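The values are calculated or read from the model by the stated rules, or taken from the named source; none is laboratory data. Remember, it's a predicted structure, so these values are computed and weren't measured experimentally. All Cβ positions, even for glycine, are placed from backbone atoms using ideal geometry, and neighbour counts span all protein chains on display. All accessible areas refer to the heavy atoms of the entire protein, side chains included, with ligands and DNA or RNA removed. Shrake-Rupley method; radii C 1.70, N 1.55, O 1.52, S 1.80 Å.
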Amino acid sequence: MKIKTFLLSALVATALAEPAQHPLAGADNSTPSKAMYFSWINHGWEGTNEEQTLVNYDFFRWLYDTYGMKLDIYLFDAGNMDGCFLSWLHPFDDCAYEISVQPENDRPHSIGQVWLNDRAFYCGAPNFKHKFPEGLHKVKSKFDTMGTRLGMWLGPDGYGSTPADAEYRRNMLVELARDYNMALFKFDACCSGLRPDKQGEFVRTMQEVRKYSPDLIALNHRINLGEDALKYMTTFLWGGQETYVDILISNQGTATHARVANLDRGLPPGLQRITEDHGVCLSSCLDYWQDDLILQAFNRNLIVAPEIYGNPWLLKDRELAELAGIFNLHRAYNDILANGMLLPENLYGKHAVSRGDDHTRFVTMVNLGWERVQHYLTVGEEIGIKDDGVYEVRQFHPTERILATLRKGESVPVTVESFRSSLVRVVPAGEAGFGIEGIDYQVLRKKEGVPTEIELLGAPGKTYEIKLKGAAGSVTLDGKKLKGTGDSKEFSVKFPGTKLKKDTHRQLDSRFVKEGVPANAEFLFETAMFGTDNNALEVRSLQRSGKTLVPEVQAARDAFFNSGLFVELGIWDKQLFDGDPETRFCHHKSRYESVGFTRPDTYKSGIFRLDIGKPTLLDSLVFKGVSAGYRCVAVEASDDLKKWDNLDFIQSEGVLKFVLNNKKYRYFRITDSPEAVAEIEGYYRGEMVARDSWKANNLFPSYENSPVVSVWRATVDLDETAPGSYLTVPLEGEHGTEGAYVVFDIDGKYISSPERITSYPANCWEGAVVAKDRDYTYLLPLTSEMKGKKLDVYVLSFNKDKNDFVPSVWMTSASPYLTKKVVIE
């Protein structure tokens, strides 16, 4: 098999012309949305397999059985039927792809054919039958049980140079529609373009396909298909934008979370719905994903919505209830959500939309600033309400809360939190259904035949007078049965703790003083460097969400993290300490690098850092499986990050052994990180010590290469903190790529910021973390032990030419509430 590389600028010189609203397209602007998951980022360009797909099915089946959440479409993304030459490098730039040239008569089973320069190439997974031994029949039969249809990622060409070639390709796609009842084809330029002389073949194929799947949605991702072929396409990729957070989309300014760029995507012209926005990626930077999905599903509400992809099993267990709630609410009103209207920006803010019919509307608003904003929502023609009567106004996001009961023409204030979206329903009061007056709450489960579970959300030390409306059946509060008859029940609830006197979202009094280089500058620097990791963003998401109690969730997580490619890439430091000499941790070269992707220079100057948890007496420390050709230059060790000792070392092929001189050490740094290390072991008196708390990183620079040039310092008072509070330290302005870091001092204990927006450098599963040279925001979760203390904030600057940014400190919380559980049976 001969491998060649081609420059395919034609594949990215896309024609994003709007597809005509034509019945041949399978849908139009009035067609209700389809809820979809697609598998990109759950696997790479190599595609998935039957085993992993069935594990994913079990996850979605659990959501279906537990919460009633239904997918309309499960889309197999790249590398399954058709494949990709190589990864996409950068939107709208020339891209190099690597493909396999195969004999024209050597057609793998059900694999697409790609044509370039009048030569035939076959791309994709020649081992499709190995990965799916029963074809897709077993998978289809599983998804059929919950009413979910399949979809497939494809290239538009593959029609060869003879009528027989064209018929072969056409029959393959027709088979997907006829035998598998597929609901969606995603045609992507990453697989192939469409030769102008084959547009007729494409049209003929789509005509045959629609005989069996007349409602099939055909997505056009960046392909110039020609005018005739466009009639058969349902959508185009809006703006050419993908939504893998901090890989393919990132914030353009400081913020409290990493998804603000997603919230600021805006709206297609004229609220057009037959386009596709690439959905919401649930894989990296998961905080505030709900705000993202609310806008995707209810604000834009495109033909595919709600639409998610990646690894939703990385969410917290409680968040999966929220995910199902958003899907279920959308499905309940899907038939009327296609009718939308843009609301006046001066009244409702940027990107505000109302959707529904003459008497039921869903209003979405977004706040893209640091301060809360308040809008007055008026029940009437202004939001699309035409019928007279009495209406209930209820917020559904970020919490559920009955705001008011109003007559047409009356208004109610709606507060939109900083960097968040808001969803409000206006419905005739008699059609409002179950609700709770007097408090914010979150419905965790409301499914016929099982008890309804609700969390009441209250501020510490506060008492609420609550009324349950439409609550037929017995009601318990934190396990205690409440008295009352009929559908309405009233009771008081007091939450423990001391009442808050200050706003839960506020800028702290932080008068930063710009200083020179302090004597402990290197200590501050190493505190920052040792305090975080270079693991894949998905690993960070897993650690953020914690353990799951749901077997189906755990199985989906295991299937992803234990997949052959994820393990092989070496993008999780735990593989250094797993006892398996076949796994490794890599100073990861992106899978794109071989075809031209260049990482920032900062990544290439990384040194290897090891933290073994506490000062420990060891006889020796041994690195095994060190990458071939690596030569160690210097090794240093410390017990406190302040004083460093040079260590002697012995290096042989693949092994690096440090002699520790009968002294306790905790921290180790090795100049010039090895490309890969398989295992790190520590020995004391001939026995290997436990490594449970050991961790490592390998992308951060040395102090010698990135010395501190100045420090800002401020002291803030943590006199009052709400539940879930965290500090944000936004650095407004230009500081250079990796040019500023933040360290905190609490009672003499120095800690780094565990999370940054934009993300810290990572050994990525797919692509690379975006390189930003301005507007980082550093975060610090606040614990109960920190309450009432003073905290010093140090901002370290490494770039003397970009040293005029402005730091500040804010305290905020995504959910500043205590909770009590209500169950209705």
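Being open to solvent by less than 10 Å² (accessible area, probe 1.4 Å) and more than 30 Å from Glu51 (Cα to Cα), is that true of even one residue in segment 166-183? Yes, some residue in segment 166-183 is open to solvent by less than 10 Å² (accessible area, probe 1.4 Å) and more than 30 Å from Glu51 (Cα to Cα). Scanning segment 144-165 for residues that are at pLDDT 95 or above and either more than 36 Å from the chain's Cα centre (by Cα) or of a type in the set (Asp, Glu) (or both) turns up just one, Asp144.
Counting only residues that are closer than 19 Å to Trp765 by Cα and in contact with a Gly (Cβ under 9 Å, 6 or more places away or on another chain), segment 238-267 holds 4 of them.
Criterion first (within 30 Å of His735 (Cβ to Cβ), touching a residue at least 40 places away in the same chain (Cβ under 8 Å) and out of contact with any Lys or Arg (no Cβ under 6 Å at 6 or more places or on another chain)) does Gly253 satisfy it? Spelling it out, Gly253 is indeed within 30 Å of His735 (Cβ to Cβ), touching a residue at least 40 places away in the same chain (Cβ under 8 Å) and out of contact with any Lys or Arg (no Cβ under 6 Å at 6 or more places or on another chain). Residues in segment 184-239 that are small (Gly, Ala, Ser) and farther than 24 Å from Leu71 by Cβ: Ala189, Ser192, Gly193, Gly200, Gly226, Ala229, Gly239.
One residue stands out in segment 659-692 among those that are of a type in the set (Ser, Thr, Tyr) and part of a strand (DSSP E or B): the one that is nearest to Val633 (Cα to Cα), namely Tyr667.
Within segment 783-807, can you find the residues that are in contact with a Ser or Thr (Cβ under 6 Å, 6 or more places away or on another chain) and either within 22 Å of Ala459 (Cβ to Cβ) or crowded, with 18+ Cβ neighbours inside 10 Å (or both)?
Filtering segment 783-807 down to residues in contact with a Ser or Thr (Cβ under 6 Å, 6 or more places away or on another chain) leaves 787, 790, 792, 797-798, 803.
Hits for segment 783-807 are Lys787, Ser797, Phe798, Asn803.
Output yes when any residue across segment 201-216 is within 29 Å of the chain's Cα centre (by Cα) and open to solvent by less than 30 Å² (accessible area, probe 1.4 Å), and no when none is.
Kept after step one, since they are within 29 Å of the chain's Cα centre (by Cα), are these residues of segment 201-216: 216.
Of the ones still in play, those that are also open to solvent by less than 30 Å² (accessible area, probe 1.4 Å) are 216.
The answer is yes, given that some residue of segment 201-216 is within 29 Å of the chain's Cα centre (by Cα) and open to solvent by less than 30 Å² (accessible area, probe 1.4 Å).
Filtering segment 217-246 to residues that are in contact with a Ser or Thr (Cβ under 8 Å, 6 or more places away or on another chain) and buried (at least 22 other Cβ atoms within 10 Å of the Cβ) leaves Ile217, Ala218, Leu219, Asn220, Ile223, Thr235, Phe236, Leu237, Tyr244, Val245, Asp246. Screening segment 693-718 for residues that are touching a strand residue (DSSP E or B) at 6+ places or on another chain (Cβ under 8 Å) and assigned to a loop (DSSP other than H, G, I, E, B) and picking the one that is surrounded by the most Cβ atoms within 10 Å (Cβ to Cβ) gives Phe700. Applying the condition of being basic (Lys, Arg) and out of contact with any strand residue (DSSP E or B) (no Cβ under 9 Å at 6 or more places or on another chain) to segment 128-185 and asking which residue is farthest from Phe38 (Cα to Cα) yields Arg170.
Determine whether segment 415-424 contains at least one residue that is open to solvent by less than 20 Å² (accessible area, probe 1.4 Å) and on the phi > 0 side of the Ramachandran plot. Yes: one or more hits. Look at segment 747-768: where a residue is more than 15 Å from Val793 (Cβ to Cβ) and a partner is among the acidic types (Asp, Glu) and open to solvent by less than 10 Å² (accessible area, probe 1.4 Å), sitting 6+ places away or on another chain with Cβ atoms under 6 Å, you get Thr758/Asp246; Ser759/Asp246; Trp765/Glu538.
Of all residues in segment 250-271, those satisfying the criterion of being closer than 16 Å to Tyr776 by Cβ, of a type outside the set (Gly, Ala, Ser), open to solvent by 10 Å² or more (accessible area, probe 1.4 Å) and in a loop (DSSP other than H, G, I, E, B) are Gln252, Thr254.
Would it be correct to say that Glu653 is exposed (fewer than 12 other Cβ atoms within 10 Å of the Cβ) and at pLDDT below 95?
Details: exposed (fewer than 12 other Cβ atoms within 10 Å of the Cβ): yes; at pLDDT below 95: yes.
Criteria met by Glu653.
Got at least one residue in segment 402-412 being closer than 17 Å to Thr364 by Cβ, open to solvent by less than 20 Å² (accessible area, probe 1.4 Å) and assigned to a strand (DSSP E or B)? Yes, because at least one residue in segment 402-412 is closer than 17 Å to Thr364 by Cβ, open to solvent by less than 20 Å² (accessible area, probe 1.4 Å) and assigned to a strand (DSSP E or B).
If you check Ile294, Ile247, Ile274 for being part of a helix (DSSP H, G or I) and of a type in the set (Val, Ile, Thr), only one passes: Ile294. Selection of helices (runs of 4 or more DSSP H) fully inside segment 512-567 by the criterion of at least 3 residues being open to solvent by 40 Å² or more (accessible area, probe 1.4 Å) returns 537-545, 551-561. Considering segment 464-507, and only residues there that are of a type in the set (Lys, Arg) and part of a loop (DSSP other than H, G, I, E, B), the residue that is least open to solvent (accessible area, probe 1.4 Å) turns out to be Lys502.
Return yes or no: is His330 of a type outside the set (Ser, Thr, Tyr), without any contact (Cβ under 8 Å) to a residue 60 or more places away in the chain and either assigned to a helix (DSSP H, G or I) or open to solvent by less than 20 Å² (accessible area, probe 1.4 Å) (or both)? In short, no.
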